[in-house]
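Visitor: Got a structure for you, questions after.
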């Protein structure tokens with residue numbers, strides 16, 4: 001409520017008090033005042049948050065996230081992705097020129113989900129993210145323009161190094177502003193998760209590949225078999241299950257053999273000597289596929305492959 005104007009003088013002393021009301025203006029006659037006039041303006045409009053500005057005609061925005069922390073995506077961008085159109089997202093309010101707070105809330109927060117923003121050049125408090133609730137909070141009285149600036153810096157990522165992503169095909173975040181009297185609309189940011197499965201044959205040793213030595217004395221592992229986080233791994237940032245892994249020997253030799261142990265899983269291992277391809281198939285967890293991957297072995301039953309080295313892709 002804002003007081004627009006008060007006018008008064010003390011020229012006469014009316015003996016009676018009367019009340020006149022017209023539209024939004026109220027006038028009172030008082031024994032010691034000739035006229036007291038008060039106009040009151042109330043804020044009736046809520047703030048409006050538009051994540052894509054004029055791009056689509058709606059208030060929401062869609063983006064895509066990949067995990068650039070994983071070796072396969074090195075240098076390909078991703079990692080942190082904007083959840084708004086950085087040049088178009090807007091925050092407006094027809095009545096009030098400032099906001100008191102804004103929240104960005106992930107719906108059904110996943111392990112490793114993370115939101116961040118920059119408050120540089122504003123009076124907005126340092127952005128605070130609660131990774132348990134999935135809520136990023138921007139607070140402090142500041143102009144619409146400054147809140148708009150900070151909104152355009154909000155980014156999403158997932159920092160889980162063991163899962164490789166949120167284990168979801170998409171992540172949704174709701175954005176809402178508060179002008180001290182009203183909450184805005186809830187604008188929706190949808191982040192598509194674009195992370196293919198990752199096979200790492202040597203675990204934490206760096207890179208994705210593994211080298212072993214075959215000495216014509218029996219089978220040899222083609223992965224780091226360590227039964228710990230340091231061993232060969234399979235992760236999928238989108239899904240909890242896999243349906244297949246293949247291992248292919250290059251170059252082909254009729255006496256080459258690949259094998260794996262699937263005990264305790266729903267996975268079926270099939271090796272075709274004529275193609276040099278070992279197929280692990282069946283819907284099962286990434287953990288079970290990782291378990292079986294660590295058991296894959298190579299052998300040659302004919303005394304040697306006839307070449308200095310073989311590759312298994």
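The values are calculated or read from the model by the stated rules, or taken from the named source; none is laboratory data. Worth saying up front: this structure is predicted, and the values here are computed from it rather than measured. Glycine gets a Cβ as well: all are built from the backbone with ideal geometry, and neighbour counts include every protein chain shown.
Visitor: Check residue 257 against each of (1) assigned to a loop (DSSP other than H, G, I, E, B); (2) over 35 Å from the mean Cα position of the chain (by Cα) and name the one condition it does not meet.
Guide: In the conditions (1) assigned to a loop (DSSP other than H, G, I, E, B); (2) over 35 Å from the mean Cα position of the chain (by Cα), residue 257 misses (1) alone.
Visitor: Given the criterion touching a residue at least 40 places away in the same chain (Cβ under 8 Å), exposed (fewer than 14 other Cβ atoms within 10 Å of the Cβ) and over 30 Å from residue 54 (Cα atoms), identify the matching residue among 169, 162.
Guide: Of 169, 162, the one residue that is touching a residue at least 40 places away in the same chain (Cβ under 8 Å), exposed (fewer than 14 other Cβ atoms within 10 Å of the Cβ) and over 30 Å from residue 54 (Cα atoms) is 162.
Visitor: Any residue at all in the range 266-287 that's assigned to a helix (DSSP H, G or I) and surrounded by 16 or more Cβ atoms within 10 Å (Cβ to Cβ)?
Guide: yes
Visitor: I've got another one for you. Among the residues of the range 94-128, write down those that are closer than 16 Å to residue 177 by Cα, crowded, with 16+ Cβ neighbours inside 10 Å and at pLDDT below 95.
Guide: 96
Visitor: In the range 99-124, how many are over 19 Å from the mean Cα position of the chain (by Cα) and assigned to a strand (DSSP E or B)?
Guide: 3
Visitor: Could you list all residues from the range 74-84 that are modelled with pLDDT under 95, in a loop (DSSP other than H, G, I, E, B) and either crowded, with 17+ Cβ neighbours inside 10 Å or touching a strand residue (DSSP E or B) at 6+ places or on another chain (Cβ under 8 Å) (or both)?
Guide: Passing the criteria: 78, 79, 80.
Visitor: Right, another one. So how many residues does the range 35-73 have that are modelled with pLDDT of 90 or more, under 30 Å from residue 142 (Cα atoms) and touching a strand residue (DSSP E or B) at 6+ places or on another chain (Cβ under 6 Å)?
Guide: Residues that pass the stated criteria total 11.
Visitor: Here is a follow-up. So residue 313 clears everything in (1) over 24 Å from residue 164 (Cα atoms); (2) within 35 Å of the chain's Cα centre (by Cα) except one condition, right? Which one?
Guide: (1)
Visitor: Follow-up. Could you list all residues from the range 223-241 that are touching a strand residue (DSSP E or B) at 6+ places or on another chain (Cβ under 7 Å) and either surrounded by 13 or more Cβ atoms within 10 Å (Cβ to Cβ) or modelled with pLDDT of 95 or more (or both)?
Guide: Those that are touching a strand residue (DSSP E or B) at 6+ places or on another chain (Cβ under 7 Å) and either surrounded by 13 or more Cβ atoms within 10 Å (Cβ to Cβ) or modelled with pLDDT of 95 or more (or both): 232, 233, 234, 235, 236, 237, 238, 241.
Visitor: Restricting to the range 125-145, what's the tally of residues that are farther than 24 Å from residue 163 by Cβ and part of a strand (DSSP E or B)?
Guide: Here the count works out to 8.
Visitor: On to the next question. Quick one: residue 87 ticks every box in (1) more than 30 Å from residue 235 (Cα to Cα); (2) modelled with pLDDT under 90; (3) exposed (fewer than 14 other Cβ atoms within 10 Å of the Cβ) bar one, so which box is it?
Guide: It is condition (2) that residue 87 fails.
Visitor: Mind checking which residues of the range 153-167 are in a loop (DSSP other than H, G, I, E, B) and under 15 Å from the mean Cα position of the chain (by Cα)?
Guide: 153, 154, 159, 160, 161, 163, 164, 165, 166, 167, listed by residue number.
Visitor: If you check residue 205 against the conditions, is it surrounded by fewer than 17 Cβ atoms within 10 Å (Cβ to Cβ) and within 17 Å of residue 290 (Cα to Cα)?
Guide: So residue 205 fits the description; yes.
Visitor: Scanning the range 168-199 for residues that are part of a loop (DSSP other than H, G, I, E, B) and at pLDDT below 90, which turns out farthest from residue 118 (Cα to Cα)?
Guide: It comes out as 197.
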